[in-house]
């Protein structure tokens, strides 16, 4: 009952504060809070929407730049704080009320809601403007509104917000005569290399599940590309399968990140089996991903040479959709939107890159003396993809289209062994390396430390994510 009453209050207060913004910034009374705010809130109490913690003859004082400290047990005070502030902290002797700029809101509207006076808001914005344009503060930006405790009162002393790795603090410079003078101070935070650990379960798709808990898109792309050597994401990954991610990125102490993220370790549950991958440095400043036994994940060709695709036609006899009769289908068709990037299934040299009869735009890559792969019906070739070009596994060689004998956008993919097409599903072409001797022993020791660090990060976090300094 109390919660429903509090909810009613919040709706009324939000409507009230929208009008209060216009009133507060145009009021003629110096530094005074709009009296109608106090009046309406008193009417809310008198109507019994929520129980009033004061006597009938007392007048409610709303939050202001110099206001009495309300009791934490005051339900109205709790409701107002919950509507305006995300959380409240105390640091360095100051009370920090954290608010978040919402969609369609401005810093001004939020400061009015926080009870800051018109002249203080204008002075604060004037000090902020040379460093950050208040009008360009985006929704989702956190702002710490600062208050000093003075006896039984709270006094507004400024605000703090982050602009990338710069902390901008607006602070009051005087309390007598110059009470509304504010100055800005800037502090540059040097980011450090930190690690982030996340754990979750697949629901609907691995991509959506990872993005939902905060895995960066670049890390997810690396995972998908690396696991594509051995896992068919369309068929193998199901709802409820678990995953773990440990990655490294430059970040500050509060987890704000910058620059490229690096995948250190991942694990994916597939058909009840845990499949881990580990990033290992190789000669020449390179790297490669290995499994738990120290064998390269890059054992063969990519299972799926494009992301987010579905198999629309398998290898074998079928009724040809254009010819209208049974015909051997010597590859696999992957349905995907036109323009989807197509990756080289393995490193090699382009033997053909041309428009080829019913294949449409066609590329054939020779990987070694026995194995080649072919890609057909592309809308266009990737940049620089011509005959004789050397490609690495995962390079974009073209884009999905519907050229040649095609009924819609898709990739026709073939694997050829000794120039004969074979079923791409199940073919295994060894290409990767294996660790041995001292390298394997060193890898196993490091692998165990990675697992220990991952579990410590997850265990010490209130949510599945936590950053810490790299202590390897």
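The values are calculated or read from the model by the stated rules, or taken from the named source; none is laboratory data. These numbers were taken from a predicted model, which means no experiment stands behind them. All Cβ positions, glycine included, derive from the backbone under ideal geometry; neighbour counts span all protein chains shown.
Take residue 385 and tell me if it is modelled with pLDDT under 85 and part of a loop (DSSP other than H, G, I, E, B).
Here the answer is no, as residue 385 does not meet what is asked.
Could you check how many residues of region 241-271 are more than 27 Å from residue 142 (Cβ to Cβ), part of a loop (DSSP other than H, G, I, E, B) and at pLDDT below 90?
1
Tally the residues that are in a loop (DSSP other than H, G, I, E, B) and touching a helix residue (DSSP H, G or I) at 6+ places or on another chain (Cβ under 8 Å), restricting the search to region 272-301.
Going through region 272-301, the residues in a loop (DSSP other than H, G, I, E, B) turn out to be 272, 291-294, 297-301.
With the extra rule that they be touching a helix residue (DSSP H, G or I) at 6+ places or on another chain (Cβ under 8 Å), the set shrinks to 292, 294, 297.
Qualifying residue count, region 272-301: 3.
Could you run through region 396-430 and say how many residues are closer than 25 Å to residue 370 by Cα and crowded, with 18+ Cβ neighbours inside 10 Å?
The number of residues fulfilling the criteria is 9.
State which residue pairs qualify: first residue within 19 Å of residue 312 (Cβ to Cβ) and inside region 217-236, second residue in a helix (DSSP H, G or I) in any location, beta carbons under 8 Å apart, and separation of 6 or more residues or different chains.
233/206; 233/224; 233/227
Find the residue count for region 188-205, including only residues that are farther than 29 Å from residue 237 by Cβ and outside any strand (DSSP E or B).
So the count comes out to 3.
When you go through (1) within 21 Å of the chain's Cα centre (by Cα); (2) part of a loop (DSSP other than H, G, I, E, B); (3) more than 27 Å from residue 452 (Cβ to Cβ) one by one for residue 208, which number turns out not to apply?
(2)
Taking residue 257, is it under 13 Å from the mean Cα position of the chain (by Cα) and surrounded by fewer than 19 Cβ atoms within 10 Å (Cβ to Cβ)?
Yes, satisfied.
Identify the single condition in (1) crowded, with 18+ Cβ neighbours inside 10 Å; (2) modelled with pLDDT of 90 or more; (3) in the same structural domain as residue 264 (by TED's automatic domain parsing) that residue 201 does not satisfy, given that it satisfies every other one.
Of (1) crowded, with 18+ Cβ neighbours inside 10 Å; (2) modelled with pLDDT of 90 or more; (3) in the same structural domain as residue 264 (by TED's automatic domain parsing), only one is false for residue 201: (1).
Looking at region 133-155 only, could you name the residues that are touching a helix residue (DSSP H, G or I) at 6+ places or on another chain (Cβ under 9 Å) and modelled with pLDDT of 90 or more? Steps first, please.
Looking only at region 133-155, we keep the residues that are touching a helix residue (DSSP H, G or I) at 6+ places or on another chain (Cβ under 9 Å), and these are 134-135, 137, 141, 143, 145.
Matches in region 133-155: 143, 145.
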